[in-house]
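The values are calculated or read from the model by the stated rules, or taken from the named source; none is laboratory data. Everything numeric here is computed off the predicted structure, so don't read it as measured data. As a convention, Cβ positions derive from the backbone with ideal geometry for all residues, glycine included, and neighbour counts pool all protein chains shown. We work out accessible area using only protein heavy atoms, side chains counted, and drop any ligands, DNA or RNA first. Shrake-Rupley method; radii C 1.70, N 1.55, O 1.52, S 1.80 Å.
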Amino acid sequence: MNTIFTICSELIKHIEQFLWGNAMLLAFFLVGLFYTVQTNFFQFIHIRLWLSMTVGSLTRQQKKEKGKQSLSPFQAMSAALAGSMGIGNIVGVAAALTAGGPGAIFWMWISALLGAMTKYAEIVLGFHYRYRDKQKNWIGGPMVYLKEGLKSPFLSACFSVICIVGSFAMGNMTQGNSMAEILNYTFDIPVLVTGFVTAALIAFVIIGGVERIGKLSSVLIPFMSVLYIAACLVVIAANITKVPAAVWSIFSYAFRLKPVLGGVGGYYLKTALRTGVMRGVFSNEAGIGSSVIAHAASSATEGVEQGMWGIFEVLLDTVVVCTLTALVILTSGVYDVQIYHAVNGQGILALPDGATLATDAFSSVLGSFGQSFLTFATVIFAFATMIAWAHYGEQCVVYLLGQKYLYPYKVIYVFSVLLGCVMRMDVVWRIADNMNALMAIPNLIALAFLRKVVLLDTQNYLGRIKKQ
């Protein structure tokens, strides 16, 4: 049995290395760069506009359609943010530091700044091609614009299948695994207990449909995000003198051509870049298209305005929250490049547990409270991600197979929580990364070939608001 598991683990590892090769990294960068340039650097030039239409709109009343399972623009963003603002912001950042070094954080920034426009484009396409089902609910996402826009039922079906499988891996098992690990580490709670309790709570929430998911996410995510950011600032403030060195390490290791302990030139740069992009995509989901499914359920009438929520979502998720997590770890004294990067030019010899590293970083300043708080934050973020991804999977099941297969999917989804809690963490993360890459392939193809739709919708919207 162990031999079979080892073989499967190695196979998954090799698939990950192939999928996240130079071609995939280049595709993410080129798509983000294209939309950044073709929209005249929208995320920078129009920062006042998209801030006004996102966080600025929270002071204005947001309309929600009555009698339909739709979400307000903020609820849609919260549901989408729940899918991305998960363990990637805590454990994922720690894993990026251990696997790719401080330089991985720099490449997370670059992927986020460009990825903000990738997600914007995805949402605009999601709105452009969305439609109402028989119950008058909005249906949208990559599976829709691949079929209706790109005229490719095959790629649409491929995305749907991969998203369903991905909901079990990225949206479920990775989250459950990290919850179980950190609860066991902090409170010595058996992983099976975490699995059973979480499965029961997930079952309760997903029965309520998208409205219950949206309402819960709009409370959990803002509340937990504010608390988490505040805790990060406290830890960073306590180590404020170490911040310049931490920031310098991020930039210096981003372009370092030699590994820490010598070896093949260029290996460290490639590892930092690859890890940074992978963890960035895992965190903000820009380029894989999954969050469009939540955004498409919004009652908003302007796809460009909902797309602005996508820009805000990516920058908050990666540039703000992930950066704060990285600074907490880098300034806390628990992270040492020489220890955590035993690299011989062939690969990483030791990969520490990300949850443990992050927990130790918070505990270095906040003591036992820091450990308990990070555990609480991880559980809340992970749970929010799990309910959001349940919705993504459900929509793809209904779109591809029909309503009658929805109940079996929910049963399997709940069971997957238990499976994720007891599996090895490295295997779970690699499966999730593979699913991300496979979802990105058809989605990036659509973004490339449907670019005129996005650019025209953007141009028309900007033209209208200038006349107001």
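Brief remarks on what is shown
- Verdict on ARG430 being open to solvent by 50 Å² or more (accessible area, probe 1.4 Å) and under 18 Å from the mean Cα position of the chain (by Cα): yes
- Only one of the listed residues (LEU146, LEU125) is over 21 Å from the mean Cα position of the chain (by Cα), of a type outside the set (D, E, K, R) and open to solvent by less than 20 Å² (accessible area, probe 1.4 Å). That residue is LEU146.
Here is a yes/no grid of residues against (1) at positive phi; (2) open to solvent by 40 Å² or more (accessible area, probe 1.4 Å); (3) at pLDDT below 80:
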{"residue": "ILE7", "(1), (2), (3)": "no, yes, yes"}
{"residue": "ALA23", "(1), (2), (3)": "no, yes, no"}
{"residue": "GLN43", "(1), (2), (3)": "no, no, no"}
{"residue": "SER72", "(1), (2), (3)": "no, no, yes"}
{"residue": "ALA80", "(1), (2), (3)": "no, no, yes"}
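- Checking ALA116 against (1) modelled with pLDDT under 95; (2) surrounded by fewer than 24 Cβ atoms within 10 Å (Cβ to Cβ), the condition it does not meet: (2)
- Scanning the stretch 331-362 for residues that are modelled with pLDDT of 60 or more and open to solvent by 30 Å² or more (accessible area, probe 1.4 Å) yields GLY333, VAL334, ASP336, GLN338, THR356, ASP360.
- Cβ-Cβ under 8 Å pairs, at least 6 apart or on other chains, the stretch 393-407 side open to solvent by less than 40 Å² (accessible area, probe 1.4 Å), far side outside any helix (DSSP H, G or I): GLN395/ILE139; GLN395/GLY141; CYS396/GLY141
- Positions within the stretch 25-41 being touching a residue at least 12 places away in the same chain (Cβ under 8 Å) and either more than 21 Å from the chain's Cα centre (by Cα) or surrounded by fewer than 13 Cβ atoms within 10 Å (Cβ to Cβ) (or both), in sequence order: PHE34, GLN38, THR39
- Pairs with Cβ under 6 Å, 6+ apart, first in the stretch 119-131 and farther than 12 Å from VAL453 by Cα and hydroxyl-bearing (Ser, Thr, Tyr), second assigned to a helix (DSSP H, G or I) and open to solvent by less than 10 Å² (accessible area, probe 1.4 Å): TYR120/GLY307; TYR120/GLY310; TYR120/ILE311
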